[in-house]
Amino acid sequence: MTTKRLGITLLLALSLWILSCAGPTRPPKKAPELKGPVYVQHGIASWYGGKFHGKRTASGEIYNMHDLTAAHKRLPLGTYAMVTNLQNQRSVLVKINDRGPFVKGRIVDLSYAAARVIDIVDEGTAEVKLVAFGLKEAPRWEAPVYAVQVGSFSHKENAERLLEQLQEIFEEAYMTVLETSDGNYYRVRVGRYDRREKAYRVAERLVSLGYSVLITSR
């Protein structure tokens, strides 16, 4: 089967499955123009829901647990990926709009809606196959997002230790990966804020706790 036909077949199967489901699950508002498979990964998927509902994602979008989205550590934000539960072969097409998961051994964090489609809500995790597709045109995120960066490391283990410390105090602590030709850099940050003033208040608290910080925006 050609790459183009594979993409069409998967999208058709996804549409039929969603139409047969009740509830608030929503596919992407506009069908993405896909180039074809560009990345394949096997591993464990998990999901995240109400605790993060309404909060800003790494892409700048507001997380909606009823949308078909997911968090991935390295795939470019805006990438679409087909995630298949290898136990029941159910698949869902998701948009990567956030970073994570940061639990060792997991490759993707699905939204509640996406997790429900492939039936992993009750179990919490499942072994999956992830196939990422390229986009003909990269999405643009206009809204500025501010974060407080507490550290940037070339060794992931150092970043994970700092992240573990911060998550005891700040629920919104997370790690991002900057990929360069010289290797990866693991950046530990707190928050995704729509106003610089909010980030500044968090930065002041971190400084009072003895951390060196940097306010970033994009």
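The values are calculated or read from the model by the stated rules, or taken from the named source; none is laboratory data. Note that this is a predicted model, so its numbers are computed, not measured. We place every Cβ from the backbone using ideal geometry, glycine too, and count neighbours over all the protein chains shown.
Computed values, structure above
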quantity	calculated
Extreme residue, farthest from Leu110 (Cα to Cα), among residues of region 41-74 that are among the hydrophobic types (A, V, I, L, M, F, W, C) and surrounded by fewer than 20 Cβ atoms within 10 Å (Cβ to Cβ)	Ile62
Index of the failed condition, Gly124 passing every other in (1) in a loop (DSSP other than H, G, I, E, B); (2) at pLDDT 85 or above; (3) on the phi < 0 side of the Ramachandran plot	(3)
Which listed residue is modelled with pLDDT of 80 or more, surrounded by 17 or more Cβ atoms within 10 Å (Cβ to Cβ) and not assigned by TED's automatic domain parsing to the domain that holds Lys73, from Leu110, Leu162	Leu162
Filter pass, Val188 being assigned to a helix (DSSP H, G or I) and farther than 20 Å from Lys51 by Cα	no
Residue ID - nearest to the chain's Cα centre (by Cα), chosen from residues in region 82-106 that are assigned to a strand (DSSP E or B) and either polar (S, T, N, Q) or surrounded by fewer than 20 Cβ atoms within 10 Å (Cβ to Cβ) (or both)	Asn97
